[in-house]
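A short worksheet on the structure shown next.
Every number here is computed from the coordinates shown, using simple stated rules; none is lab data. No experiment lies behind these values; they were computed from the predicted model shown. So basically every Cβ, Gly included, is an ideal-geometry build from the backbone, and we count neighbours across all protein chains shown.
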Amino acid sequence: MTIDAPWVKAPATWPAVSTVVIGHARRQALIALSDDGPIPVGERLAAYYDVDGDHVGATFATMPPNDWHDITGADVLSVILVHGAIGPRAARRLLSGPHRGWTLTAMRDLPGRELLTADPDTLVAMEDFHLAVESTLASPTDADPSRWGTANKLCARKRPDLFPASDRNICRYLGLRDVREEWQVFRALMQDDDVRQAIEALPAAARSVSGDRQLQLDDSDLRLLDAALWTYTVGARPRPSRTRRRALLAQPDLPMS
């Protein structure tokens, strides 16, 4: 990939991201994508995407409807389930009124691209949509009215191949400070051959240890990277298989002490 390609450039007004920052994030991402260690990535993702489990992996991207041109109650619920902070006021603003109009216009103006090939114009459109969402979610009664993490999740729900669903834990782990830096670094990760090879191996790694669990994996490589990072930084502990859980649930109640 040449340095003159538009999908390695940033908008002229954005601060440049150093190769040191990108290199650190790459090393950290490869650790989280590894099937080595105490809890290999395959085991973490098998737990995360288990349709009979209580993690959100099998729900966030697939809960219907997910209309490319609209924001619905299903989107609000999906973001809440992934620990997004959407209160009653913010939900009303997303679903009706002038803030909704601003947000929908910005979303519909997004180019039909993946983050892998996001050029400067795409990054600017991403910022416009993210700003609209974050402003709609913001609460003036909070000491910190920012809702950038929740905005990340809603943007990722609506454009799963374009927006990372990063939270503070992931950004801290990768050494990232704001969304402009975050998107450029994630773009570089998606363009890295070693990272992409590791992502491509994730579905097989998860299914190889799934046992009797039914998995519903994301189709998006970017979502799989998010899942590997989230389960590494926050944790999605493997749960007992269905057979083991049925046996546990069938046990008689223990006497009250």
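Can you find a residue that is on the phi > 0 side of the Ramachandran plot and either within 16 Å of the chain's Cα centre (by Cα) or aromatic (F, W, Y) (or both) anywhere in region 82-102?
Let us first name the residues in region 82-102 that are on the phi > 0 side of the Ramachandran plot, namely 83, 97.
Imposing the further condition that a residue be either within 16 Å of the chain's Cα centre (by Cα) or aromatic (F, W, Y) (or both) reduces the set to 83.
Yes, some residue in region 82-102 is on the phi > 0 side of the Ramachandran plot and either within 16 Å of the chain's Cα centre (by Cα) or aromatic (F, W, Y) (or both).
Search region 108-123 for residues that are touching a residue at least 60 places away in the same chain (Cβ under 8 Å) and surrounded by fewer than 18 Cβ atoms within 10 Å (Cβ to Cβ) and pair each with any residue that is among the small types (G, A, S) and part of a loop (DSSP other than H, G, I, E, B) when their beta-carbon atoms are under 7 Å apart and the residues are at least 6 apart or on different chains.
Listed by first residue and then by second, the contacts come to P120/A10.
When you scan region 32-76, how many residues do you find that are loosely packed, with under 14 Cβ neighbours inside 10 Å and either touching a Ser or Thr at 6+ places or on another chain (Cβ under 6 Å) or not aromatic (F, W, Y) (or both)?
11
Confirm whether I86 is of a type in the set (V, I, T), out of contact with any Phe, Trp or Tyr (no Cβ under 8 Å at 6 or more places or on another chain), over 23 Å from G149 (Cβ atoms) and surrounded by 14 or more Cβ atoms within 10 Å (Cβ to Cβ). Break it down stepwise before answering.
Details: of a type in the set (V, I, T): yes; out of contact with any Phe, Trp or Tyr (no Cβ under 8 Å at 6 or more places or on another chain): yes; over 23 Å from G149 (Cβ atoms): no; surrounded by 14 or more Cβ atoms within 10 Å (Cβ to Cβ): yes.
So I86 fails the test.
Against the definition (at negative phi, outside any loop (DSSP other than H, G, I, E, B) and touching a residue at least 12 places away in the same chain (Cβ under 8 Å)), how does G149 come out, yes or no?
The answer is yes for G149.
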